[in-house]
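Student: Quick one: this structure, given as structure tokens, is what I'll be asking you about.
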Amino acid sequence: MSTAMNFSTKSFTPRPPDKGAFPLDHFGECSAFKERFMECLRHSGYESAACRQHAMAYLECRMDRRVQLMANEPLEKLGFKDLINEKSEEKPEK
């Protein structure tokens, strides 16, 4: 009697990420935003909630670049709805 396992009964089919590709920033177009975010993380003891403004700025930079560093997504869908509301409340009305 054989004790060999048959691994060919199930096959794995890879699927792409839900939000698409997130390519590397080879030209360093958003490196200043990334550095500010990383500096904030170091100062806050790596508490990411304290650095959400910097994270939002970094993602905006990636979406705004012409080399398609990230697909355009509404910031509300990326979890920054509360920060957008704060930003609009801070602007003085004319």
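Student: What accessible area per residue, rounded to a whole number of Å², is obtained for the range 30-86 using a probe radius of 1.4 Å? Spell out each step's value before the answer.
Tutor: Numbers: 3620 Å² over 57 residues.
Per residue, the range 30-86 has 64 Å² of solvent-accessible surface.
Student: Is the shape of the range 30-86 rounded, prolate or oblate, going by the alpha carbon gyration tensor and its root eigenvalues a ≥ b ≥ c, with a/c under 1.5 for rounded and a/b larger than b/c for prolate?
Tutor: Working: a/c = 2.76, a/b = 1.27, b/c = 2.18.
The shape class here is oblate.
Student: Report the label-to-label distance for ASP82 and MET38 in nanometres (one decimal), using points 7 Å from each Cα along the Cα→Cβ vector.
Tutor: The modelled label-to-label distance comes out at 2.8 nm.
Student: Leaving out ligands, DNA and RNA, and with a 1.4 Å probe, what % of the accessible surface on the range 30-86 is carbon or sulfur?
Tutor: On the way: 1850 of 3620 Å².
Percent of accessible area from carbon and sulfur atoms in the range 30-86: 51.
The values are calculated or read from the model by the stated rules, or taken from the named source; none is laboratory data. This one's a predicted model, so the numbers in the text were calculated from it and none came from an experiment. Methodologically, a virtual Cβ is constructed for each residue, glycine included, from the backbone with ideal geometry; neighbour enumeration extends over all protein chains shown. Ligands, DNA and RNA are excluded from the accessible area calculation, which covers all protein heavy atoms including side chains. Shrake-Rupley method; radii C 1.70, N 1.55, O 1.52, S 1.80 Å.
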